[in-house]
Amino acid sequence: MPTKALIVDDEPDIRELLDITLSRMDVDCDSAANLSEARKLLESRSYSLCLTDMKLPDGNGIELVKYIQQQAPDMPVAVLTAHGNMDIAITSMKAGAFDFVSKPIELERLRSLVNTALKLDRGSNANSSDRIDITGESDCIKALKKKIIKLSRSQAPVYISGESGSGKELTARAIHEQGPLKSGPFIAVNCGAIPRELMESEFFGHKKGSFTGAHKDKAGLFESASGGTLFLDEVADLPLEMQVKLLRAIQEKVVRSIGAQHETPVNVRILSATHKDLNSEVAAHRFRQDLFYRINVIEVKVPSLRDRPGDIALLAKRFLNQIAHENGEQTVKLTEGASKALLSYAFPGNVRELENILERAYTLCEENIIHPDDLQIEHPVAERAPKDGYKNDLAGESLDSHLEEIERNIIIKALEEHRWNRTAAAKTLGLSFRSLRYRLKKLGLDNDE
């Protein structure tokens with residue numbers, strides 16, 4: 001079946017330019033000068049792609065986007081907008097547009113958009129949720145998977161909200177893997193982990209000799225992610241001066257390395273996340289409203305684990321299978337009492353906490369059977385997170401770090417007392433040798449590898 005596109009624009013010169021450009025890409029084109037003509041063509045023919053101007057004699061492009069969403073939801077629609085009119089571009093993507101192109105049209109940008117749109121799998125969404133690597137059968141997880149499938153068919157920036165440990169990066173990766181850029185890179189960056197003085201270089205790259213220590217050219221994160229997805233985790237931690245530069249890169253789809261004379265176009269899907277409340281950050285003037293508006297074209301909320309208690313058993317089974325596989329065991333099982341203890345626990349640290357609890361329990365249990373005491377979760381109900389679970393979650397993370405440091409010091413002291421004889425140290429600590437070995441690996445004290 002030949003690849004066909006529908007071009008909708010009231011300017012004959014624009015229609016001709018688009019027709020010639022797509023024809024050279026082996027795409028046959030039909031043209032319409034207004035909404036009425038476009039609808040008639042859509043009623044009688046099938047297309048792989050639609051390019052529509054925003055301003056039309058008998059309506060606007062957003063009306064056509066909504067019409068196509070109802071009649072042929074698998075068909076990507078790109079909207080042509082006036083240069084710099086980001087409000088219209090964002091409105092069109094909220095309505096379901098695949099992407100947008102600014103006028104005057106840059107042919108390289110247009111070709112990139114068309115190539116990406118044509119990579120979409122048409123008519124294959126019925127069982128797509130089965131391919132999403134997110135464990136759970138609760139209603140909120142089914143809804144999340146459904147939204148991931150829909151968002152994967154767009155290039156719109158997505159803001160992923162949710163508490164720490166709930167699975168925001170997993171959601172971002174699923175959006176990438178279901179979309180047309182899945183063969184490209186998926187690059188995740190923790191914005192809060194980059195030193196302020198290195199941020200511009202990390203994001204946009206630098207040229208050799210552009211500053212002290214720049215011994216060779218370096219590609220930034222945007223260029224490295226070109227043709228794929230850039231996931232900005234903890235985006236709220238970016239300083240304000242970096243937010244301005246990030247905003248321009250997202251809007252213009254170009255970057256300039258430090259010391260470079262020219263800008264470089266980038267084809268990158270932007271996904272971002274934070275455990276903080278971005279609306280509150282904007283109100284407190286710690287996060288730019290215009291950047292928030294730009295990255296929050298569509299929001300996806302990842303549910304906390306306490307919002308889907310029915311998934312706890314499925315997740316526990318998955319993690320126990322992973323633990324058994326990694327340690328060369330046939331099975332690792334929970335007793336009925338341990339299962340009940342997990343189901344009654346509130347999990348302020350969400351899925352990540354469940355995984356950590358089971359890993360720890362495995363090191364403490366005997367004969368690969370985990371009992372309630374091995375879980376080490378006391379007062380399960382009292383530990384439920386407050387409604388603004390973000391603060392509680394942060395406190396939990398700092399507590400984990402503190403406890404880990406205490407554990408590290410105790411183990412090192414025991415090893416030093418026994419001249420790093422692990423068998424003797426494990427006996428002093430009341431641990432099995434396997435448990436000590438696991439803890440050494442977890443704390444980065446295992447030097448055997």
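Legend: distances between Cα atoms for K301/K333; K145/K276; K94/K253; K168/K441; K168/K340; K119/K142; pairs beyond 21 Å are K301/K333; K145/K276; K168/K441; K168/K340; K119/K142. Taking amide H positions as modeled 1.01 Å from N, with prolines and chain starts lacking one, the residues under 5 Å from K301 and 5 or more places away or on another chain are S161. Normalised per residue, the accessible area of the chain is 51 Å², obtained with a 1.4 Å probe and no contribution from ligands, DNA or RNA. Among the DSSP beta bridges whose two residues both lie in the chain, what percent are antiparallel, rounded to the nearest 5? Antiparallel bridges make up about 15 percent of those DSSP assigns within the chain.
Accessible surface ranking for H285, H206, H418, H371, 1.4 angstrom probe, highest first: H285, H371, H418, H206.
Electrostatic tally near G96: other residues with Cβ closer than 10 Å to its Cβ, Lys and Arg +1, Asp and Glu -1, net +4. The shape of segment 46-186 comes out prolate: with a ≥ b ≥ c from the C-alpha gyration tensor, a/c is at least 1.5 and a/b beats b/c. Scanning residues 5 or more positions from C29 or on other chains, those with amide H under 5 Å from its amide H are A5, with H placed 1.01 Å from N in the peptide plane. Sort out for me the Cα centre separation of segment 1-59 from segment 185-253, rounded to whole Å. Rounded to whole Å, the Cα centres lie 37 Å apart.
Is the C-alpha gyration tensor of segment 1-70 telling us rounded, prolate or oblate? Criteria: a/c under 1.5 is rounded; beyond that, a/b larger than b/c is prolate, otherwise oblate. Judged from the Cα gyration tensor, segment 1-70 comes out oblate (a/c at least 1.5, b/c at or above a/b). In loop segments of segment 98-167 as defined by DSSP, the GluC sites (Glu not before Pro) with at most 11 further C-beta atoms inside 10 Å of their C-beta are E137. Distance from the C-alpha centroid of segment 61-92 to that of segment 316-354: 45 Å, rounded to the whole angstrom.
Annotation: lysines with alpha-carbon distance below 17 angstrom to K55 (same-chain offsets under eight excluded): K66, K103. Between amide H atoms placed 1.01 Å from N, distances below 5 Å from F100 occur with V79, all of them 5 or more places distant or on a separate chain. Spacing of the modelled spin labels on Q69 and K182, each 7 Å from Cα toward Cβ, amounts to 2.4 nm. Helices of the chain meeting both criteria, an alpha-carbon length of 20 angstrom or more along the long axis and an average Kyte-Doolittle score not below 0.0, with helices taken as full DSSP H segments, are 312-326.
Where only DSSP H runs of four or more residues are counted, the chain gives -13500 deg cm²/dmol as its mean residue ellipticity at 222 nm, each run worth -39500 (n - 2.57). The phi torsions of segment 232-237, fed into the Karplus equation with coefficients 6.51, -1.76 and 1.60 and a -60° offset, translate into couplings of 9, 7, 6, 5, 5, 7 Hz, rounded to whole numbers, with Gly and Pro shown as x. Looking at the square roots a ≥ b ≥ c of the eigenvalues of the Cα gyration tensor of segment 295-337, which shape do they give, rounded for a/c under 1.5, prolate if a/b is larger than b/c, or oblate? It is oblate, given that a/c is not under 1.5 and a/b is not larger than b/c. Within the assembled protein chains, the solvent-accessible surface assigned to V254 is about 30 Å², based on a 1.4 Å probe.
Think of the chain as a dipole: +1 on every Lys or Arg Cβ, -1 on every Asp or Glu Cβ, centred on the Cα centre; then among Y47, L238, C191, Y47 lies furthest on the positive end. From the coordinates of this entry, Rg/Rh (Cα atoms, Kirkwood Rh) is computed, and it appears in (1) 1.10; (2) 0.93; (3) 1.05 under the label (3).
The values are calculated or read from the model by the stated rules, or taken from the named source; none is laboratory data. Given the structure is predicted, the values throughout are model-derived calculations rather than measurements. All Cβ positions, even for glycine, are placed from backbone atoms using ideal geometry, and neighbour counts span all protein chains on display. Accessible surface areas use protein heavy atoms only, side chains included; no ligands, DNA or RNA. Shrake-Rupley method; radii C 1.70, N 1.55, O 1.52, S 1.80 Å.
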